[in-house]
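What follows is one structure encoded as structure tokens, with my remarks underneath.
The values are calculated or read from the model by the stated rules, or taken from the named source; none is laboratory data. Because the structure is a prediction, the values reported are computed rather than measured. Using ideal geometry, Cβ is built from the backbone for each residue, glycine included, and neighbour counts are taken over all protein chains shown.
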Amino acid sequence: MAAKESQSIRLQKVLSAAGVASRRAAEKLIVDGRVTLNGATVRKLGICADPQSDDIRVDGRRVARPGPRRYLLVHKPRGVVTTRRDPQRRKTVIDLVPRLAEYVYPVGRLDYDSEGLLLLTNDGEMASLLTHPSHGVSRVYEATVRGCPTDQQLRRIARGMRLDGRKTVPAEVRRISSRRTSLNTDRAYIQIVLREGRNRQVRRMFESIGHPVVRLVRTSIGPLRLRGLKSGQSRDLSKEELSALRGVLNHVSKVNIDDN
């Protein structure tokens, strides 16, 4: 099934390089039986292939050779799904961008009720670096929460708390302001900087201290900023933004290699 050893590359890396998905997402595609190699379904990781000569398909669609890289920033509104397609036929982040020649996909996730900055790309290596938990690329959120958390409660979030039996990585937490609404209810506005990306993490942390999130906006990912991009809009990364992002990723990947 595999290509010649001298030309072979791990299948998940081929899919990532072709812009099909990030490395981790490509591994899941393989395990789920959605990938075929020369007509045979692959379910085991570690299989190698030659992207130049082997017939590689995902869901029956042949994987093209790697093409031009594309990087788009999107300001995701509330009520949009962070995926390429949705079985429930809800609006997806792909619907927010103009029709593209390249096959791009979202890097990481923002849940249905959350808003803010999202990166779409077909650069699998960059997507893998951005989403790998050991690299700790910062993500900044602004949360509007019900009630007014105490400083002690915010320090608990900052120090790290147990979710699903595992402690969260320490975060930076800052109270922006608090006020009473016209309905005579208290709201607090909190900025939180995370360096990991667990499922609905910000919402779950604030729920655990008794102050549920009523609005959540991601304002930055590493050096990328939301400013100037209105809700529902998208644009290509500038050369300066792309250079800054690559610089951060080169640094964090080198640090982690050196630490090991």
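The table that follows gives values for the structure above.
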{"item": "Residues located in the stretch 37-65, provided they are farther than 26 Å from Lys91 by Cβ, in contact with a strand residue (DSSP E or B) (Cβ under 8 Å, 6 or more places away or on another chain) and assigned to a strand (DSSP E or B)", "result": "Leu37, Thr41, Val42, Cys48, Ala49, Ile56, Arg57, Arg62"}
{"item": "Some residue of the stretch 87-103 being surrounded by fewer than 18 Cβ atoms within 10 Å (Cβ to Cβ), touching a helix residue (DSSP H, G or I) at 6+ places or on another chain (Cβ under 8 Å) and not polar (S, T, N, Q)", "result": "no"}
{"item": "Unique residue being of a type outside the set (A, V, I, L, M), without any contact (Cβ under 8 Å) to a residue 40 or more places away in the chain, out of contact with any strand residue (DSSP E or B) (no Cβ under 8 Å at 6 or more places or on another chain) and farther than 23 Å from Leu249 by Cβ when the list is Pro87, Pro68", "result": "Pro87"}
{"item": "Residue within the stretch 215-227 that is farther than 21 Å from Val107 by Cα and either touching a helix residue (DSSP H, G or I) at 6+ places or on another chain (Cβ under 9 Å) or at pLDDT 95 or above (or both) present", "result": "yes"}
{"item": "Residue pairs meeting the criteria (Cβ under 8 Å; at least 6 apart or on separate chains; first small (Gly, Ala, Ser), in the stretch 27-43; second part of a loop (DSSP other than H, G, I, E, B))", "result": "Gly33/Arg43; Gly39/Asp55; Ala40/Met1"}
{"item": "Test: residue in the stretch 174-195 that is over 20 Å from Val93 (Cβ atoms), touching a strand residue (DSSP E or B) at 6+ places or on another chain (Cβ under 9 Å), touching a residue at least 40 places away in the same chain (Cβ under 8 Å) and not in a strand (DSSP E or B)", "result": "yes"}
{"item": "Test for Ile176: is it of a type in the set (A, V, I, L, M, F, W, C) and either in contact with a Cys (Cβ under 9 Å, 6 or more places away or on another chain) or surrounded by 14 or more Cβ atoms within 10 Å (Cβ to Cβ) (or both)", "result": "no"}
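Residues checked against (1) among the aliphatic types (A, V, I, L, M); (2) without any contact (Cβ under 8 Å) to a residue 12 or more places away in the chain; (3) assigned to a strand (DSSP E or B); (4) exposed (fewer than 14 other Cβ atoms within 10 Å of the Cβ):
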{"position": "Pro106", "(1), (2), (3), (4)": "no, no, yes, no"}
{"position": "Gly116", "(1), (2), (3), (4)": "no, no, yes, no"}
{"position": "Leu119", "(1), (2), (3), (4)": "yes, no, yes, no"}
{"position": "Ala127", "(1), (2), (3), (4)": "yes, no, no, no"}
{"position": "Arg204", "(1), (2), (3), (4)": "no, no, no, no"}
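A quick yes/no check of all residues on (1) surrounded by 12 or more Cβ atoms within 10 Å (Cβ to Cβ); (2) over 30 Å from Leu117 (Cα atoms); (3) among the polar types (S, T, N, Q); (4) modelled with pLDDT of 90 or more:
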site: Ser8; (1), (2), (3), (4): yes, yes, yes, no
site: Leu15; (1), (2), (3), (4): yes, no, no, no
site: Arg23; (1), (2), (3), (4): yes, no, no, no
site: Gly39; (1), (2), (3), (4): no, yes, no, yes
site: Gly46; (1), (2), (3), (4): no, yes, no, no
site: Ile56; (1), (2), (3), (4): yes, yes, no, yes
site: Thr82; (1), (2), (3), (4): yes, no, yes, yes
